[in-house]
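The numbers here are math on the coordinates, done by the rules we state, and not lab data. The model shown is predicted, which means the values in this text are computed figures rather than measured ones.
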């Protein structure tokens, strides 16, 4: 099998002929290329899955920390009562 590589496909045909290189590949070369590309794609997929798992764990941890922090706060009833009373006074006697 013979392939012609043209890295600058946007050039006119006359320029492409000057820069094109022939590459002769045997069936064994094609199989090796296929296997190597499969290995590389598998490694990329593995890293992507690891990154996704790490991200999900971080999100769960942050969510849990936030939930615990929010639940640990006791509502300040006296402050809420003062705000409501202030609003009621303002409604009764507008400024």
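Some observations on this one:
- Full extension of the chain between residue 91 and residue 48 gives 9.6 nm of extra length, using 0.36 nm per residue less the Cα-Cα distance.
- Remark: the residue 39-residue 57 segment gains 3.8 nm on full extension, using 0.36 nm per residue and subtracting the alpha carbon distance.
- Value of D in µm² per second that Stokes-Einstein yields for region 27-92, Kirkwood Rh from Cα pairs, at 20 °C (1.002 mPa s): 123
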